[in-house]
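Report on the following structure.
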Amino acid sequence: MAEEIIQPGTPAPEFTLRREDSTEFTRADLEDNTTVLVFYPFAFSRVCTDQLNLYQDVLGDFEAKGATVYGVSCDAPYSQSAFREKLGVSIEQLSDFEPKGEACRAFGVYHPLGFPQRALVIIGPDAVVKWSYLAPSPTELPGANLIFDGLEQAAA
Amino acid sequence: MTDLGSAPVPELSPDDHVRGPAASPLVIEYADFECPYCAILGQRLGDLALRRVFRHFPVRSSHPRAWAAACAAEAAGRQGRFWDMHDLLFADQARLEDPHLWSRARGLGLDLERFDADRRTDAVRQRVRRDFESGVRAGVVTTPTVFADGQVHAGSEALPALTALAPLPSSEVGTEIK
């Protein structure tokens, strides 16, 4: 049984992810921004491809709401860059490659079979989780509308 | 600011693109002219006794010509030929560059200058975007997605569900979509 996804009202945990240029992305990077973390199972898989393509097409609308969207997976930064470039999307990627899945575990979205669950987490500028969503299965793609609902809730 | 939070799929509106017998079950289809599964579904829907509503859901990052094709269909619609252009676009998805769009417009006997001007206007782009946004709000994540009889069916689920709603005169449905 997987652990429970982090719940609204919980301060974001300490974590370290790697940006595509291998620099660190940590809890401190959440401060003063509204952040949407899009956890996805695998770069280049079909549903993840559809998911990032769809979110890319409304990225301007997320930004208009003051939100910055990041894709998070356990793939290596080089793989994430190749995936992002292949799709032609600009959503910045964050890698939980080593120690594998540690940040995903901290957010309660690590699948027992070794990949991130398909999950969404919105964190406010105070680094507190405002909204979270775990897809019923890794093959189910959460609509972009859910993120907009979450941003509305985060702003309330 | 555009609100893209959850909302029900919009009911039929006067400027929706509709075809099929008025008494038949209503199907609202969100589709993309560059999506091969949409082409197959559209072809099969033509065989069913359904009243079809076509709404645009072009996903630019996976289908780079989908928006141009959607705007071309809208521009043809301004000259009363939306469905003709719809059918021609789906009939040959490998040819969606500008000269191919002009060729189709010419073949339909459209005023070519007007067609080319219309498809680049903000009004046409906004019309396509309106459909796309209504799909996002209704939770559309892939194409084709159809709303029928209070249910939503996405991708490969769509054709069997619609066939059940309006059975084919001939029971042969030979094309499978995945």
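None of the figures in this text is laboratory data; all of them are computed from the coordinates on show. What you see is a predicted model; the values in this text were computed from it and never measured. Here the Cβ is made from the backbone with ideal geometry for all residues, glycine too, and neighbour counts use every protein chain on show.
Which ordering of B:56, B:63 is given by a fewest-first count of other beta-carbon atoms within 10 Å? It would help to have the intermediate numbers written out before the result.
Working: B:56 25, B:63 22.
Starting with the residue having the fewest Cβ neighbours, the order is B:63, B:56.
Give me, ordered by chain and number, the residues 5 or more places off residue A:34 or on other chains with an amide H under 5 Å from its own placed amide H.
A:68
Which order results if B:132, B:57, A:44, A:25 are arranged by neighbouring Cβ count within 10 Å, fewest first? Present the calculation step by step, with values, prior to reporting the outcome.
On the way: B:132 25, B:57 28, A:44 13, A:25 20.
Ascending Cβ contact count within 10 Å gives the list A:44, A:25, B:132, B:57.
Percent relative contact order of region A:11-156, based on C-alpha pairs within less than 8 angstrom and at least six residues apart? All intermediate terms of the calculation are to be shown ahead of the outcome.
Numbers: 282 pairs, mean separation 44.2, N = 146.
Across region A:11-156, relative contact order equals 30 percent.
Please report the projected area of the protein assembly as shown's Cα convex hull averaged over all directions, in nm². Don't skip to the answer; put the middle values down first.
Working: hull surface 74.0 nm².
Projected over every direction and averaged, the Cα hull of the protein assembly as shown covers 18.5 nm².
Starting from the Cα of residue A:113, step 7 Å toward the Cβ, then list every residue of region A:34-51 with an amide N under 12 Å from that point.
The answer is A:41-42.
Starting with the fewest neighbours, write out B:19, A:18 ranked by other beta-carbon atoms found within 10 Å of each beta-carbon.
Values: B:19 14, A:18 19.
Least to most surrounded, the residues fall as B:19, A:18.
For region B:73-90, just list the computed ³J(HN,Hα) in residue order, Karplus coefficients 6.51, -1.76 and 1.60, θ = phi - 60°, integers in Hz, with x standing in for Gly and Pro.
Each residue's phi maps through the Karplus curve to give 5, 5, 5, 5, x, 5, 10, x, 10, 4, 5, 5, 5, 3, 5, 5, 5, 5 Hz.
Give the residues of region A:34-61 whose amide nitrogen is closer than 11 Å to a point set 7 Å from the Cα of residue A:68 in the direction of its Cβ.
From region A:34-61, the list is A:34-36.
With +1 assigned to the C-beta of every Lys and Arg and -1 to the C-beta of every Asp and Glu, and no other charges, what is the dipole magnitude of region A:16-155 about the Cα centre in debye, to the nearest 20?
Details: 11 positive and 20 negative charges, 83 e Å.
That gives region A:16-155 a dipole magnitude of about 400 debye.
Over the protein assembly as shown, how many pairs of lysines fall under 30 Å by alpha carbon, counting only those 8 or more apart in sequence or from different chains?
Details: A:65/A:86; A:65/A:130; A:86/A:100; A:86/B:178; A:100/A:130.
Taking the protein assembly as shown as the scope, the lysine pair count is 5.
Could you work out how much longer the chain between residue B:19 and residue B:149 gets when fully extended? Use 0.36 nm per residue separation minus the Cα distance between them, nm to one decimal.
On the way: separation 130, 0.36 × 130 = 46.80 nm, distance 1.70 nm.
Gain on extension, residue B:19 to residue B:149, equals 45.1 nm.
Per DSSP helix of 4 or more residues, -39500 (n - 2.57); summed, then divided by the residues of chain A. What does that give at 222 nm, rounded to the nearest 500? Present the calculation step by step, with values, prior to reporting the outcome.
On the way: 5 runs with 46 residues, N = 156.
It comes out at -8500 deg cm²/dmol, rounded to the nearest 500.
When the Karplus curve 6.51 cos²θ - 1.76 cosθ + 1.60 is applied with θ = phi - 60°, which whole-Hz ³J(HN,Hα) does each residue of region B:111-119 get, with x for Gly and Pro?
5, 5, 5, 5, 4, 5, 6, 4, 5
Stokes-Einstein D for region B:18-165 at 4 °C, 1.567 mPa s, Kirkwood Rh over Cα pairs, in µm²/s? Walk me through the intermediate numbers first.
On the way: Rh = 15.4 Å.
Result for D is 84 µm²/s.
Where is the GNM fluctuation largest for chain B (alpha-carbon springs, 10 angstrom cutoff): B:126, B:151, B:79?
B:151
Under the rule that a partner needs its Cβ under 4.7 Å from the first Cβ, which Cys of the protein assembly as shown have none?
A:48, A:74, A:104, B:71
What is the Cα radius of gyration of region A:57-148 over 2.2 N^0.38 Å, N being its residue count?
Details: Rg = 13.4 Å, N = 92, 2.2 N^0.38 = 12.3 Å.
Against the compact-globule rule of thumb, the ratio is 1.10.
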